[in-house]
Amino acid sequence: QVQLVESGGGLVQAGGSLRLSCAASGSILRINNMAWYRQGPGNQGDFIATITSSGNTNYGDSVKGRFTISGVDAKNTVYLQMNSLKPEDTAVYYCSADITHAASGNPRRYWGLGTQVTVSS
């Protein structure tokens, strides 16, 4: 089995910063890429950022210049540094990863359970 566990969410004032982490564990042969998504109060799903195994990154338009994705480090962890937070960034943030399973050798996408980020005005 493979698990993704997010952490680092919380309550912050507008203009503040938070750093999210997502740790992958289990029967991992290879992590192909990891990404962050969010779902806000209006049930809108947004793509936030992705990073490949070679370190290439891509960002959603709503967070460019404010959020930075980094990793994947030796602990199979990806990070999302969020600066200049706005109330509209309030959402549940989900981590996803395309992982090749060690036993089957097959790649598939896995998801974490999410972490709440609330930005007050």
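The values are calculated or read from the model by the stated rules, or taken from the named source; none is laboratory data. All values reported here derive from a predicted model rather than from experimental measurement. FYI the Cβ positions are ideal-geometry reconstructions off the backbone, even for glycines, and counts take in every protein chain you see. Quick note on the areas: whole protein, heavy atoms, side chains included, nothing else; ligands and nucleic acids left out. Shrake-Rupley method; radii C 1.70, N 1.55, O 1.52, S 1.80 Å.
Observations, loosely collected:
- Largest mean-square fluctuation among Gln44, Gln13, Gln81, in a Gaussian network model of the chain whose springs join Cα atoms under 10 Å apart, belongs to Gln44.
- Using the Karplus relation 6.51 cos²θ - 1.76 cosθ + 1.60 with θ = phi - 60°, the per-residue 3J(HN,Hα) values for the range 12-25 come to 9, 7, 4, x, x, 10, 9, 10, 9, 10, 9, 10, 9, 8 Hz, with x marking Gly and Pro.
- Given the chain, longest segment not containing exposed loop trypsin sites (Lys or Arg not before Pro) (DSSP; at most 16 other Cβ within 10 Å): 1-63
- Whole-number accessible area per residue in Å² for the chain, which is evaluated in the context of all protein chains at 1.4 Å: 51
- Three principal axis extents of the chain based on alpha-carbon atoms, in descending order, are 48, 24, 23 Å.
- Spacing of the modelled spin labels on Thr100 and Phe47, each 7 Å from Cα toward Cβ, amounts to 2.3 nm.
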